[in-house]
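Before any comments, here is the structure.
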Amino acid sequence: MGTGAIVIGVALILGLVILLVSRWSGDDGGSGPKTEGAIVATEFRFTPARVESGTEVELVLRNEGAIYHDLVIEGVDYMHLKVLPGEEDQAGLLLEPGRYVFYCTIPDHRDAGMFGELVVG
Ligand SMILES: [Cu+2]
């Protein structure tokens, strides 16, 4: 076993430690998966409410609220993300550059504040 193998071994261990520490520090008690960059749904808002993306849009919706929520984009009929509390849902889509409105379709949720803007460009 040469020096190269030792260096790789140390690097792997360091990487693992950093990964574990970042997972612990990023965990605020939820049990489900927590995808970085996810749009978080709670009662009654999306966070962030403004999302920027290239034309290849990867959307992840995570429900950190207490009730069911969903997410659709105006003018995009084929995508409908649905999440029970603690769940994540995701979709990849190709959009023309522009500004889109996304919102929760549960009655009264949009009016209560569950909407946002997706800027594609
Ligand atoms: Cu909702």
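Any chance you could count how many residues in segment 100-110 are without any contact (Cβ under 8 Å) to a residue 24 or more places away in the chain and in contact with a Phe, Trp or Tyr (Cβ under 9 Å, 6 or more places away or on another chain)?
Residues in segment 100-110 being without any contact (Cβ under 8 Å) to a residue 24 or more places away in the chain and in contact with a Phe, Trp or Tyr (Cβ under 9 Å, 6 or more places away or on another chain): 2 in total.
Can you name every residue in segment 64-84 that is farther than 8 Å from ALA41 by Cβ and either away from the ligand (no atom under 12 Å from the Cβ) or part of a strand (DSSP E or B) (or both)? Listed by number, the residues that qualify are ASP70, VAL72, ILE73, GLU74, GLY75, VAL76, ASP77, TYR78, MET79, HIS80, LEU81, LYS82. The condition (being closer than 22 Å to LYS34 by Cβ and surrounded by fewer than 15 Cβ atoms within 10 Å (Cβ to Cβ)) is satisfied by just one residue among GLY121, GLY86: GLY86.
The residues of segment 14-57 that are more than 21 Å from CYS104 (Cα to Cα), of a type in the set (Asp, Glu) and either surrounded by 12 or more Cβ atoms within 10 Å (Cβ to Cβ) or modelled with pLDDT of 95 or more (or both) amount to a single one, GLU56.
The values are calculated or read from the model by the stated rules, or taken from the named source; none is laboratory data. Keep in mind that what you see is a predicted model, and the values were worked out from it rather than measured. Here the Cβ is made from the backbone with ideal geometry for all residues, glycine too, and neighbour counts use every protein chain on show.
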